[in-house]
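Have a look at the structure below before the remarks.
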Protein chains: 2
Amino acid sequence: MIPEGSVGVVETQTVRLFDDGLTTRSGIVLPEVQVAYETYGTLNEARSNAIYICHALTGDAHAAGYHAGDDRPGWWDNIIGPGRAIDTDTWFVVCSNILGGCQGTTGPASINPATGEPYGTDFPLLDMTDFVEVHRGLARHLGITKFAAAVGGSLGGMQVLQWALDHPEDLGRALVFAASSRLTAQNIAFSAVGRQAIMRDSGFNEGKFLTRGTAPRKGLSVARMLAHITYLSEHAFQEKFGRSAQRGELAGNFGIDFAVESYLEYQGERFLSRFDALSYLYLTRVMDYFDPFADARALDTLKADPVRFLLVSFTSDWRFSTEHTRRIVRHLEEARIPTSFREIQSTWGHDSFLLDLPDYHATVRAYLDKAAEEIA
Amino acid sequence: MIPEGSVGVVETQTVRLFDDGLTTRSGIVLPEVQVAYETYGTLNEARSNAIYICHALTGDAHAAGYHAGDDRPGWWDNIIGPGRAIDTDTWFVVCSNILGGCQGTTGPASINPATGEPYGTDFPLLDMTDFVEVHRGLARHLGITKFAAAVGGSLGGMQVLQWALDHPEDLGRALVFAASSRLTAQNIAFSAVGRQAIMRDSGFNEGKFLTRGTAPRKGLSVARMLAHITYLSEHAFQEKFGRSAQRGELAGNFGIDFAVESYLEYQGERFLSRFDALSYLYLTRVMDYFDPFADARALDTLKADPVRFLLVSFTSDWRFSTEHTRRIVRHLEEARIPTSFREIQSTWGHDSFLLDLPDYHATVRAYLDKAAEEIA
C-alpha cells in the first residue's frame with residue numbers, strides 16, 4: 001500500500017556520461033562515469049521547473065517513493081511528493097547518487113576499464129567540484145540548463161553551495177540545510193577516527209580488499225556507529241534510550257546490554273549491506289578538505305550572477321551547529337547575495353534535516369512557492 | 001633537574017592485600033589482590049593528615065613527582081606538592097592504581113593463581129564499590145582509619161562519591177571534580193563504540209589474546225583516539241589545531257594530513273605502551289553501570305554521618321557537563337549533606353580537571369585549608 005502523498009513506485013535509472021572522460025580536480029581523468037538517478041514529477045515544456053536534490057554522506061539516488069516490493073520509501077520521502085514541501089505537482093525533481101559513491105554511480109568499487117579490476121585506491125581523490133561537474137553532466141543529459149533550485153542537507157548542502165559558487169547560471173535558488181563551509185578540528189577528528197577504524201581493520205588490506213576477497217566490515221561498522229553518535233543530539237539519545245536495558249534488566253556484561261548499544265550495533269550492521277568502505281573514505285575526505293571561502297575570490301562568480309539562498313540550521317545540531325551556517329551566511333551577505341536564514345528549533349540533532357519538522361518543511365515550502373511564482 | 005614545588009623523586013610501591021580473598025560485588029572471590037601505590041609528604045603522629053587520590057580511567061598510582069630517570073612528572077603533579085593546592089607540607093597524600101587496572105594493581109592481565117595463566121575475561125566484572133574496598137584495604141595496611149579527604153576527577157570523582165556513600169566514617173571531606181553519578185545514553189554510546197573497536201579487532205581473540213600472543217592494538221588505539229575527542233572541548237581542538245596541516249601544506253590523502261589527525265594518532269599509539277585492552281573494557285563498563293542514586297536508600301548511611309563535599313564542574317566539559325555535577329549536588333542537598341559547588345570557567349573541556357587553572361586550584365586550596373584547621 002503506497003500512502004497518500006507519495007510519488008508512488010519509482011525506479012533508479014543509470015546513464016553513462018562523459019564519453020570523452022571526466023577530468024577530476026586532482027587532474028586524473030576518469031574515462032567514463034556511470035550515474036544512478038531518479039526523477040519524480042513532470043518536466044514542463046519550458047524545462048524551467050526542475051529541482052536538483054544532492055544527498056548527504058551515505059544517501060543515494062532513491063530520495064522518494066517506493067522501489068517495487070519495498071515497504072520503506074526513499075530517504076527524503078517526507079519532503080518530496082504531491083502536496084509535500086518539495087511538491088511534485090509543481091516540480092520535476094532529480095536526485096542522483098554522488099561520484100565516488102557505491103549505489104550505482106562510479107566509485108572506487110567500480111571496474112577500472114584500464115585494468116578490468118575495481119579501482120580501489122587508484123580511484124582519484126575527489127573534490128566538491130567533482131561532484132558538481134557530474135551533476136551538471138546529468139543535467140545536460142536530461143536537457144536541463146537551469147534548475148529552479150538545488151537542495152541538500154549536510155554534505156548535500158555543501159554540494160549546493162559549491163555549485164552556486166562555481167556555476168550560478170545553473171541555479172535559481174540554493175537551499176542549504178545543516179551544512180558547513182569548513183569543518184572544525186573536532187569534525188575532522190571524528191571523521192579521522194572513523195577512517196582509522198576502517199584502515200586498521202585487518203580486512204582492509206591497504207585498500208585492495210575488493211580484489212582479495214576480504215572486507216573491513218568490522219572497521220566500517222565501528223565508523224558508522226561512531227558517526228551515528230554525532231548525528232543525534234545528546235537529548236535525542238536520552239529521549240530514545242536513556243539508560244534502559246536492551247532486554248528486561250541490565251545483565252552486567254561487555255556485550256550489548258543497554259538499548260543504546262543495541263541501536264548502534266544495528267546501525268553498524270545494517271550499513272554493511274549497503275555501503276562500501278572505500279566510498280566512506282573518499283566521501284568523508286572531501287568534506288574534511290572542503291573550504292571554499294579560503295579562496296578570497298570564491299564569491300566573484302556568484303556576485304556577478306547572484307543565486308538566492310535559503311540556509312537552515314537546527315538548534316541541537318552539534319555536528320554542524322548554527323555557527324557553521326552563520327559563517328556561510330556572513331560570507332554570502334558580505335558579497336550581497338540575497339540570503340534567507342532560519343534556525344529551526346529541534347531537539348534531534350544533525351539528522352533533523354531528514355525529519356518532518358513542521359516549521360522546517362513550512363519554511364522550505366514557502367521559499368519554493370516564491371520560486372514557483374517566478375517560473376509560472 | 002627537579003623543578004621547585006615538586007615532591008621530588010618517588011617510587012611506586014606494591015603490596016599484597018586481602019590474604020583471605022576479596023569478595024567482589026559480583027560474588028566472585030579474588031584470592032589475592034596486589035595494589036600499586038605512591039605516597040607523598042609525611043603522615044603525622046595522629047595519622048589525621050592523610051588524603052586519598054583516586055585516579056581517572058587511564059591514570060595510575062604515579063600522581064606526583066618524578067620516577068628516577070623520567071623527565072615527565074606524575075599525571076597530577078601540578079596540584080600535589082609542597083606549596084601546591086594539595087600541599088604536601090601539610091598533607092600525607094596516597095594514590096593507588098585502581099583494581100582491574102594494568103599499572104601494578106591486580107587486573108585482567110594479572111596471573112590467576114588458580115590456573116597460572118592471565119585472568120583474561122575470567123576476571124570478575126567490577127563495580128565502583130570494589131574499587132573502594134581495595135582503597136580501604138590499602139588504608140588499613142597503611143594504618144590510616146580516616147582520611148581528611150578523598151579527591152578525584154571523572155572516574156576518580158565517582159570513586160570518591162561511592163566511598164562517601166558507603167563508608168562516610170572513612171572520610172572527612174569528599175572532593176569530586178568533573179564527575180557523574182549516572183552516564184547518559186550518549187556517554188554510554190561513546191564508551192560502547194570504543195569497546196566495539198577493541199572487541200572486533202581480530203587480535204582480540206574473544207578476550208584470550210594474552211595467552212595467544214596477539215593483542216587488539218588497532219582497536220585499542222581507535223578507542224583511545226575516540227575517547228580523546230570527548231576529553232577536549234570543540235574550542236580546545238580548534239585552538240590547538242584548527243585546520244592546519246601536519247607538515248607544511250595539506251597534501252590531500254587518506255592518511256595523517258591535518259595536525260589534529262596526527263595528534264590523535266600519537267595519543268592512540270602512546271596509549272598502547274601503557275594500557276591493556278581488557279582493563280579498558282572492565283573500567284569503562286564500571287562507569288556505564290554506575291548509578292548509585294537509583295537506590296532510594298543510597299544516602300541513608302551518609303546522612304547519619306555526613307562527609308563535607310566540594311563538587312567542581314567545568315563550563316566547556318561536554319563529557320560530564322555541569323548538569324552531571326548539578327544532579328549530584330541536588331541529591332546531596334536533598335539529604336542535607338554539607339555541599340559546596342563551583343562551576344569553573346574553562347575552555348578546555350573534560351580534561352580541565354587535570355590542568356593548572358588558577359580559579360580551580362585556588363578553590364581546592366581554600367577548601368583543604370579549612371580541613372587543615374580542623375585537624376591542627
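Readers should treat all values here as calculations from the given coordinates under stated rules, not as data from a laboratory. As the structure is a prediction and not an experimental result, all values here were calculated from the model. Every residue, glycine among them, receives a Cβ derived from its backbone with ideal geometry; neighbour counts consider all protein chains shown.
A few notes on this one:
- Rounded to the nearest 0.05, the FRET efficiency derived from the C-beta distance between A:Asn253 and A:Glu4 at R0 = 60 Å is 0.85.
- Remark: the range A:234-242, residue by residue, has Karplus-estimated 3J(HN,Hα) of 4, 4, 4, 4, 5, 4, 6, 10, x Hz, where x stands for each Gly or Pro and the curve is 6.51 cos²θ - 1.76 cosθ + 1.60 at θ = phi - 60°.
- Rounded if a/c under 1.5, otherwise prolate or oblate - the range B:187-285, Cα gyration tensor axes: prolate
- At 7 Å out from Cα toward Cβ: B:Arg336 inter-copy label distances (nm, ascending): 7.1
- Under the convention that each Lys and Arg Cβ holds +1 and each Asp and Glu Cβ holds -1, the size of the dipole of chain B around its Cα centre is about 600 debye.
- Rg(Cα) / (2.2 N^0.38 Å) computed for the protein assembly as shown, rounded to two decimals: 1.06
- Unit charges on C-beta of K, R, D, E only; dipole of the range B:51-204, Debye: 300 debye
- Backbone N atoms of the range A:69-85 closer than 15 Å to the 7 Å Cα→Cβ label point of A:Thr42 belong to residues A:82-83.
- Each other copy holds its own label point for B:Gly5; taking that point as 7 Å from Cα along Cα to Cβ, the gaps run 6.3 nm, nearest first.
- Cα gyration tensor shape of chain A, rounded if a/c is under 1.5, else prolate or oblate by comparing a/b with b/c: rounded
- Projecting the Cα atoms of B:Val329, B:Pro124, A:Thr115 onto the dipole axis of the protein assembly as shown, where Lys and Arg carry +1 and Asp and Glu carry -1 at the beta carbon, places A:Thr115 farthest toward the positive end.
- Counting from the shortest, the label point at B:Ala245, 7 Å from Cα toward Cβ, is 5.5 nm from the same position in each remaining copy.
- Scalar couplings 3J(HN,Hα) for the range A:294-311, obtained by applying the Karplus form with A = 6.51, B = -1.76, C = 1.60 to θ = phi - 60°, are 4, 8, 4, 9, 3, 8, 4, 5, 5, 4, 6, 8, x, 9, 7, 10, 10, 10 Hz; x denotes Gly and Pro.
- Placing +1 on each Lys and Arg Cβ and -1 on each Asp and Glu Cβ, with no other charges, gives the range A:187-285 a dipole about its Cα centre of roughly 420 debye.
- Among A:Ile144, A:Leu165, B:Thr339 - extreme Cα towards positive end, dipole of the protein assembly as shown, charges at beta-carbon: A:Ile144
- Extension reserve of the A:Arg274-A:Val15 stretch, reckoned as 0.36 nm per residue once the Cα distance is removed: 91.2 nm
- Cα centroid separation, the range A:65-120 to the range A:156-222: 17 Å.
- Taking all Cα pairs closer than 8 Å and separated by 6 or more residues, the relative contact order of the range B:178-231 comes to 36 percent.
- Model label zone, B:Thr347; criterion: amide N under 15 Å from point 7 Å along Cα-to-beta-carbon; scope the range B:238-276: B:238-243
- Each label point was placed 7 Å from the Cα along the Cα-to-Cβ direction; for B:Thr315 and A:Asn112 their separation is 5.3 nm.
- Scalar couplings 3J(HN,Hα) for the range A:367-373, obtained by applying the Karplus form with A = 6.51, B = -1.76, C = 1.60 to θ = phi - 60°, are 5, 6, 4, 5, 4, 5, 4 Hz; x denotes Gly and Pro.
- Entry note, the range A:241-362: relative contact order of 19 percent, from Cα contacts under 8 Å with a spacing of 6+ residues.
- In the elastic network of chain A, a GNM with C-alpha springs shorter than 10 Å, the most mobile of A:Ala164, A:Ala149, A:Ala335 is A:Ala335.
- Two-site label geometry, A:Glu206 and B:Thr301: point separation in nm, points 7 Å out along Cα→Cβ: 5.8 nm
- Label positions at B:Asp122 and B:Lys240, each projected 7 Å from the Cα along the C-beta direction, are separated by 4.0 nm.
- Summary value for the range B:187-285: 28 percent relative contact order, contacts being C-alpha pairs under 8 angstrom separated by 6+ residues.
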